[in-house]
Structures are given as structure tokens and as C-alpha cells.
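Taken together, the values in this text are just the output of simple stated rules run on the coordinates, not laboratory data. Quick caveat: nothing in here was measured; it's all calculated off a predicted structure. Here Cβ is always computed from backbone atoms with ideal geometry, including for glycine, and neighbour counts include all displayed protein chains.
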Amino acid sequence: MKFVTRFAPSPTGLLHVGNAYSALQCARWAARNHADLLLRIEDIDHTRCQSHFSDAILEDLNWLGIGWNQPVRKQSEHLALYQQALNTLQSRGMIYPCFCTRKAILNERSRMGVAPHQSDSATHYPGTCRNITTLEQKRRMQHEPFAWRLNIAKAVKSCQSAPSYHDQNGAIYQTALAHDIIIGRKDIGYSYHLAVVMDDALQGVTHVIRGEDLHSSSAIHRLLQMLLDLPEPIYIHHHLLKNSDGERLAKRIDSTTLRSLRYMGVDAAQLRNYLLDQSHNAIWPFVVGDEAAIVAKLAI
Ligand code: GLU
């Protein structure tokens, strides 16, 4: 059986070294396993994605020496597929419209006595709209903006077996899902989760290789696959590239971009070797603006 994996960046900015690290994990796994490597541009979020970043991703990956099977799939060109999946979930009674604003969710949580927790206060949903009657739903849907939420308890109950996903060594991860997540966003209509599972299935992805920060997404994806009768890929979560303070490299902490390294004359092969060298323990000790030091260090 031919294995298929994918690298699936979102074009919300230029690729940084953390993204490069992830792309290299996918590419190395594909080479070792004679697998196809697909490139998918996850650009359904028109509020954050920009097409010039999509072009830049292709250019920067090319520079890094990563090749992929054609064609590149752009999620924004396949919205009808995600709508179909949403319709299926709706017809099975697995989702419900949620009219809550962020503020309403916070108020409801404090009314219930849940202490506001910094990281999850805005996302942990107390279930406010779960039991609204169909009639009331229809009435409010006429004039109020709404998101679609997955009724987790109902979804899990409908599965033949407890949802879980597996890694390449056969380890099993149970999918403990705490609250009704959004599956169709108010502003863009769909969610990352829905698009990913539809595309992975349609593209015949057998192995999903992604950062360990996405374990909770993998859990959601496995549940969605079960609900939508989609095949189960194997999940491989790699370590994240971190800075010397142990923080993961991310756009929000202004990480060094591939572009800046290229412009400074960094050799792509040297960068690849550095990132894949296990003795560095996935630590990127350089800071933004340190490009000259990086050039010197990588050349050693
Ligand atoms: N597009 C997502 C990201 O850039 C996800 C990747 C995935 O599903 O592996 O984080």
C-alpha cells in the first residue's frame, strides 16, 4: 500500500523556522517511507489568510528543498465539499446553531460559577444553546448570526466504539472532548476541523504528521471521521521547535522567517541539516534579528 502524508500550512504569514521544522518532519517521513507528500494550503479563514502568503509558502518550501506531489490543494476552492459535510452532520442531528457571543459565553460561565480561566474562558462552551427547541432555532436563525456547534455527548454516543486515534506504533489515544466545539464558524461558515477531515479523506492521506500542539485537534478529527464515515489515518505528532526559553516558535512571538534567512544568504541545505539534527533537541537558540549569527553558526 502506498502511504500518503501532507504538509498543510495556513497562509496567515510568512513561514518561520518552526513551520520549516514541521515541513521537514513530513518530508523526511515521506522519503523514508516512500510515501507521497502532498501540500495543502489551509486558507478557508478569509479573515486571516492572504493569497500572497500562499505564493510565498510555495516559494519558501522550494527554496528549502522540499518537493511535493502536484497539484497543490487550496481549501478555499472546495467550500462546497465542507458545506456538504456540514449538511450531513445537520441531517444526523449532530450539530446545533449557537447564537452566543464571546461575551455571552463568559457571562454564562460566571453565572454558573466557573472561574474565568485565562486560556479557555472564551472557548469552553457551557452549552447555552444546546437545548433550544427546533422552532426557536428556526425563528432565531432568520435574524441572528449563528455558528454550528457539535453536540459532543450525542456524537460520541452515536459511535459504535469509543473514539480514539492511533500512532504508528499502535499506541491508542482516547479522544476526551470536553465541550461542544464549533464546526461551522459564524464568520466563515465552516471550521478548520471540518475542512481537514474532508480533505484528508478525499486526498487519501494515510498518515497525518503534525505538531504535538495538535493532539486535541486530532481527537476532534477522529470523532468527525467516525460521524462522517471517513477512513482513519495514523497520527504522528512531532515535537515542536522551541526557543531557548522553551517557548514554541510561532508567528505571534515574531519568529525568524525562512525569507529573512534566505535574504541573509543562509544556505538551505545547512538550515535543513541543522533543523533535522537530533543533537539540537528541537531548540532554535537564535533570536529575530540574529540572522548574521545564524549564517555563521549554520556554516560550521
Ligand atoms: N493548517 C494548520 C496549521 O497550520 C494545520 C495543520 C494540520 O492539520 O496538520 O496549523
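Site pair Lys251 and Ala153 shows an inter-label distance of 3.7 nm when each label is modelled 7 Å from Cα along Cα→Cβ. Multiplying the residue separation of Ala104 and Ala292 by 0.36 nm and removing their Cα-Cα distance gives an extension gain of 62.8 nm. Exposure proxy for Val197, Val288: other Cβ atoms within 10 Å of each Cβ, ordered fewest to most, give Val288, Val197. Unpaired cysteine residues in the chain (no second Cys Cβ under 4.7 Å): Cys26, Cys49, Cys100, Cys159. For Leu241, the residues whose modelled amide H falls within less than 5 Å of its own, excluding neighbours fewer than 5 places apart on the same chain, are Leu249. Comparing His16, Thr5, Leu38 along the charge dipole axis of the range 1-61, the residue lying farthest to the positive side is Thr5, per the Cβ-charge model. With 0.36 nm allotted per residue and the present C-alpha distance subtracted, the Ser244-Asp187 stretch has 16.8 nm of extension available. Diffusion coefficient of the range 228-282 by Stokes-Einstein, Kirkwood radius over Cα pairs, 20 °C, 1.002 mPa s: 154 µm²/s. Look at the alpha carbon pairs under 8 Å that are at least 6 residues apart: their mean separation over the length of the chain gives a relative contact order of 22 percent.
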